[in-house]
Structures are given as C-alpha cells and as structure tokens.
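Quick notes on the structure that follows.
Computed from the coordinates by the stated procedures, all read-outs in this text should not be read as laboratory data. Because the structure is predicted, anything quoted here is derived from the model rather than measured. All Cβ positions, even for glycine, are placed from backbone atoms using ideal geometry, and neighbour counts span all protein chains on display.
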Amino acid sequence: MAILSRGQRSVSATTISFPTMVVSYVALFAWAFVVLFPLYWLAITSLKTPLDVNSGPFYVPFRDFQPNLDSWHYIFVDLGEDTFRPYLNTVVVGLTSTTITVFIGSMAAYALVRMRYRVSFGAIASFISGVAIAAVAVVFGAPWPVGVAAGFAVFLLLLNTIAKRVKPGVGNDDIAFWMISQRMLPPVAVVIPIYIFFQQLQLLDTWGALIIAYVASHLPIVVWLMRDYFQSVPIELEESAAIDGASPYRIFRSIVLPLAVPGLVATFLFVLVFAWNEYLIALFLTSANAQTLPLTVAAQNATRGPQWWYMSVLILIMIGPVIAMAIALERFIARGLLVGAVKG
Amino acid sequence: MSGYASARERGFRIAASRWRSAGARLDRFAGAVFILPAVIVILAFSIFPLLASLYVSLARLSFSEGGVQLKFVGFDNYAKLLVGIDHVHFLGLAGPLTPIGVAVLLAGAALIAFWLYRYSRDHARSVGGFAGRIVVALGAGTLLWLVVTTVMSSGRPGTLVVTIVYVGVDVTVQYLLGLGLALLVVQHLPGRRFFRVVFLLPMMITPVGVAYLFRMLTDTSKGPLYPLWVRFGLTDVSWVTNPWGARVAVMIGDVWQWTPFIFIVLLAAIETLPHELVEAAVVDGANRWQVFWRITFPLILPASSTVVLIRLIEGFKIVDLPNVLTNGGPGTATESLTLHAYTIWRALDIGGSAAVAYMLLIVVTFVGVSYVNLFRRRVTAMA
C-alpha cells in the first residue's frame, strides 16, 4: 500500500533555537548519567574480586583496582549448564508469550475501540451463577471436571431462559476495566491457586505453564495500551476500505496494524520486558527444568550474603538481549508513519 | 443489515453501527472473533485464583499430620487487621493531631465539600452519580484521615499508608519526569536515538536485580556514594535506621526503574500525533508553550490517563525494593502491603496473608474505579 510509505519524514516546522538546544542537552545528559551510572557500577562490580568489593568503593578499573574475569568465568564455565538452560527458558518463554499476548491483546483492543459490545446483566448473572455452582460443587468434594461441567450447564441454561429478558448491560469501557482489574490482586495472593491450577493440568515446570500464565497476566496491559494507539488511527481509512469491500480482518491486518506500529512496538517491548523479568510466578511454577533467569539472579543471595559480583554478571547478560531488541525496534517508534496516510 | 444489528451470540449482542454506516459487507462474527480469545484467557485464568484466595482469606490454614487443613473462620483474618492484634502493623499508630494536621484535614474536607457542591449544580447530575461521589468522598476522607493521623503526627504509619505514600509520590514523579523526557527526546536533536534507548534501560532490569543494585549503591561504607556519606557524617548513622530516609531510598529506586515505562508510552503517543496540527499552529504563530498546552497535552491525555492507571495498579504491588533494600525496616517503616502479605505468608499464616491481599485489592479497586469514573471517562470523551 503506497499510502503507508514512511518516506515523508519532514522535519518539524518548529526549529530549535540555540538556548533551547543547550538546555535540552543538559537535561538529557543529566538523566542519561542517572541511568547509566548504576549500570556502570554493575559492570565494574562484575570485574571485581570479592575483596575489591568489600574493601571500599573503587571507581575506575586499572587505576583503583585490577579488573579480572573470575566472575564471568564462574557464571559461564563453572555454572555452565545452570546458566544456559535458564537463559534458553527465558528467551523461549519471553518471546512466545509476548508474541501471543500482543496478537490476542491488540485484536481485543481494536474490537473495543471500533465495535460496540453490550453484555447484558442477565448474561453476567448467569455466568456468576454457573461459577458459584461449580465452586460449591468443588468445595463439597466433587472432582473439578464435574464441577466445571455442572457450572457450564447452569450457565447455558440460565442464559437461554432468564438472561434474554434482561435488556440493560455493560459496555466497552466496563469490559476494558474488568480486564485491567485482573491485575489488581497482588501476585502473592494468586500464586498458590495458580500453582494448583497448573498442577491439575500437569503442566508444572514446563514452558507451557509459564507461557499461559504470562499471556493471561499481561493481556490487560496490551489491551489498554493498544486501545489508545488504535484510537488515534484515523477512521476514514478504515471506512473507505470497508466501502471497497474489505473484511474487518483484512482491514485490521493491512490498515490498522501497520498504522499502529509505533504503539505495537512499544507495547511489544515492555510486555517482553515484563515476561523476561517476572519473578514470583516463575518461582512457584518452575523448578529445575523451566527455571528462568530472575530466579538465578535471586539465587546468588546465598547463605554467605549476596554474591554481588555474580549477580552483576547475571544482570548484565540478562539485559543484553533486551537492549539489542530495543535498539533494533527503536526506529519503529518513530514519527512520520501517519504523515500522508490521511491525505492519501 | 437489520438482521445483523439484532444478531445475538451467547448473550453478547453486537451492534456495529459504525461499520454499517460505512456500508460494509460484514462478517457476522467479526465482533466475537476479535474479542473472545482475550476474554476467555482472562476469565479462565482469573476466576479461580480470585475465588480461591477469597476462600483462603476467610479460613485458617494449619499444617497437621499428613497434610493441610483449612478451617473456616469467617472474617477473623480481616478483623485482626482492622481492630485486632495486627492493626498497628496494617493501619498504623495514630498520634494526637497537630495544628498542621488539623489544617490539612480541614482543607481536604473543604475541597471534598466544594467538589460535591459543584456536582450538585451540574446539569448532567444524576442520583447514581451523586451516590458514587459520596462513596468516593467517604473513602478519600478516610484515607486522608489515616494519613494525617499517622504521618503528620507523632504516630507511625502502617503498611496501608506507607503503600499509599509510595504510590502517590512515585506515580507523580514518574509521570512528570517521563513526560519531560519524552518531550525532550521528541525534538529533532542530533543523537536523540541514543537517548531513547538509554532512557529505556532501567525498565529492562529484573525488579529483583534493581533492588540488589540499589542495595549496592546505597551502601554507606562500600557504595559509590561513600565520599558523600563521609562528607555529611552519615557513615555510622546509616539511612536505613531513619524511617523516612529508608522510604525515600525505596522511592528513588522505584522512580529510577519505572520512569522509562511512562516515558516510552508517552513518546509513542506523541510520535503518533498527526504532524499537521502542530505545523498549522506554528504557522498561525503559536509558541512552543501554547503548542504543548493546546495541542500536544490534550491529545496525549488519553494515553497519559492509561499509563497512570497502569502505574497506579502496579505501584500498589511494590514488593521487591522494600524487601531486598531494607527488608521492610527499620521496624516495619518501609513495608508495603504486598510485602506485609508476603511476610505473614512466610510465617505460614496463609489466611492472614490472603486477607491482606484482599484489603489491597479493595483499596486498588476503589482507587481504580474512582480514577476511571471521575477522570479517565472525561478525558477520553474529550479526545
């Protein structure tokens, strides 16, 4: 589609005066220092011996202390397999869950922006009744598949009888809020139920469990963020495509998604970051096989106290790939994608 | 066409007037296909934990010979937090009111009264809206009372107030910093791509790692700030022993890590804005200040309100920083609600822990619902 070319990246009409530029650079470098100094400290800590770390602050390698690669050697060679397996797990779980989440989530976000939904209170009440029946059945000792089946039957029954008579209901905004409200319960409260959940499905300590858990817990964030980006896509394009006979799926794939690339990329990046760095759920759902890197980092706080030097190495190799990803994707979060689209 | 508008599918009635107005030949099920995957995943994954932890919060878990026993105890776990042995830990210790405290309370009450009065003169008022606002007023008043009596007095704040302080300060500072940085980076300065990537870095470190990193940095004898501590004579009286010092350290860590999140969302929002608006305004003689307040800021308000809501919700769950950095100390001065739940959970009081988690859920829901209804709706309606 020619109208979507990114060619016209004209410089903004606002030219930057010299004083503004100086002030901007001072502010930018100040914050860059705040961001980079802790990372610098990590980097030099990874090159220090335990003695260097414990005998006072040393700032500059070669001048204040003699850098050595002992910690790196320990992590890569001595730990070896115990570093690489979590690494592979983190990469696979992170990328898979993020891709699925962004895909499902942006579809739902688009639907919440452009279509109108109405869920009647009758349907909600039927659903709650179904869940209540299932819960009561399980509490009183029925096996869970039986309970779920009973609940589902009650839900369908009520839905097709009583629910049809109830007209008022909730709309798009309420659905969106319901989704984000799923993130309000702190993980400490949900890990045990989630553990039981995956135990029943016999998925403990597998990639599958982590992927499902991450998709479910990060979906609301994707839906909320993508909603705003889709809202800013001009509806005229979609309308004209619809007049030309394109199906909603086609419109979504070939018009809306390309136009929302900056938002998509930003969302992809931090859902990836969330999945990459998640700690508590991984702690409960995995043991030896599917363990991820944040657990390896936390494990360096051994009985002898935190092993700062190993921790630094691990944190550094953990952020490496994410930084590479950020550098590769950064240019998509760029201005000018929409220029010309509306005119065309 | 009319057949489509009344189509029903499992109770989800989907009207698609927008599409119809475009004269589209529509796939009947598109509405369901787009949203059902997300709805099913979230439903399947959220209902069970929600119910299970509610049940656990009403029970006492004991480990006995050959397994675990759940004993139903009603609202005991909640009573313990609100009036029982754990209420100082949770709500804090109220001290006598100071003049400043009284002034703040009066100002708060006046503000709430004025706000209710203004709504009562609004043309769009309704009974439901008024009832909702009274609930908000009562809730906000209670929280204000708690903050004033425990923080602005000789008392000491409990985990609930500490969490609210964290969230309030962190989200405000993060938003201002993130917005400022996004506006700086959006300018066509040479090297701006470097800053974009660098500013994202803190967010990419695993939260546990950030917590340990800040423990290294804030160490008063081996950390890089050692010369500074020496200069102020603070090497012996470590900041960890001062409640507010410790809280500020936790908040600095949180701001450092999560400012990038707000930064990148706002950056992407500003970058997606149509160029023509700004250019037209500049041609008409608007200065940068006017362009920001009249065009950029209103247009990124929806994205702003979303990112603030997400940070509010996530901020309430802060746990790694206080846990690793200060271990909740001194005493329980830096303990957040999630850490509170976590510590009683480690003491194997699973029921009590679930009760704390549910109290947190109630507070976050209250804040979230108020925020969405009073602020976000208006913002998105405007845009």
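Worth a mention:
- Computed over all pairs of different Cα atoms, the Kirkwood value for the hydrodynamic radius of segment A:14-78 is 14.4 Å.
- Applied to segment B:283-291, the Karplus parametrisation 6.51 cos²θ - 1.76 cosθ + 1.60 on θ = phi - 60° returns per-residue 3J(HN,Hα) values of 4, 6, x, 6, 8, 4, 4, 5, 4 Hz, with x for Gly and Pro.
- Averaging the sequence gap over all C-alpha pairs within less than 8 Å and six or more residues apart, then dividing by the number of residues, gives chain A a relative contact order of 29 percent.
- Pairwise FRET efficiency - B:Leu348 versus A:Arg253, Cβ, R0 = 45 Å, nearest 0.05: 0.30
- With the biggest extent put first, the Cα atoms of chain B measure 70, 58, 49 Å across the principal axes.
- Within a straight-line Cα-Cα reach of under 22 Å, B:Lys71 can be paired with the following lysines, leaving aside sequence neighbours fewer than 8 residues apart in one chain: B:Lys80.
- Three-way shape label, the protein assembly as shown, alpha-carbon gyration tensor, a/c 1.5: rounded
- Cα gyration tensor category, rounded, prolate or oblate, for chain A with a/c compared to 1.5: oblate
- Residue-by-residue Karplus 3J(HN,Hα) for segment A:64-76, coefficients 6.51, -1.76, 1.60, Hz, glycine and proline x: 8, 8, 8, x, 9, 9, 3, 5, 5, 4, 4, 5, 8
- Chain A: most fluctuating residue of A:Leu36, A:Leu329, A:Leu283 per GNM, C-alpha cutoff 10 Å: A:Leu36
- Alpha-carbon spread of segment B:141-214, three principal axes, descending order, Å: 52, 28, 17
- Residues B:Asp284, B:Asp76, A:Asp174 arranged by fewest to most Cβ contacts within 10 Å: B:Asp284, A:Asp174, B:Asp76
- Modelled this way, with points 7 Å down the Cα-to-C-beta line, the labels at A:Phe33 and B:Val33 are 5.6 nm from one another.
- Note on A:219-232: average number of Cβ atoms from other chains within 10 Å of each residue's Cβ is 5.
- Using the Cβ-Cβ distance between B:Phe375 and A:Asp205 with R0 = 51 Å, the FRET efficiency computed as 1/(1 + (r/R0)^6) comes to roughly 0.75.
- Among B:Tyr342, B:Tyr226, B:Tyr117, residue whose mean-square fluctuation peaks in a GNM of chain B (springs only between Cα atoms under 10 Å): B:Tyr117
- In the protein assembly as shown, helical runs assigned H by DSSP with n ≥ 4 each contribute -39500 (n - 2.57); averaged across all residues and rounded to the nearest 500, the mean residue ellipticity at 222 nm is -21000 deg cm²/dmol.
- ³J(HN,Hα) computed for each position of segment B:313-328 - Karplus, 6.51 cos²θ - 1.76 cosθ + 1.60, integer Hz, glycine/proline x: 5, 5, x, 4, 9, 3, 8, 5, 4, x, 5, 7, 6, 10, 6, x
- The separation of segment B:133-208 from segment A:266-291, counted between C-alpha centres, amounts to 24 Å.
- Taking amide H atoms as placed 1.01 Å from N in the peptide plane, the amide H of B:Arg60 lies under 5 Å from those of B:Lys71, B:Phe72, B:Val73, each 5 or more residues away in sequence or on another chain.
- FRET efficiency, A:Thr161 to B:Phe130 (Cβ-Cβ, R0 45 Å, nearest 0.05): 0.80
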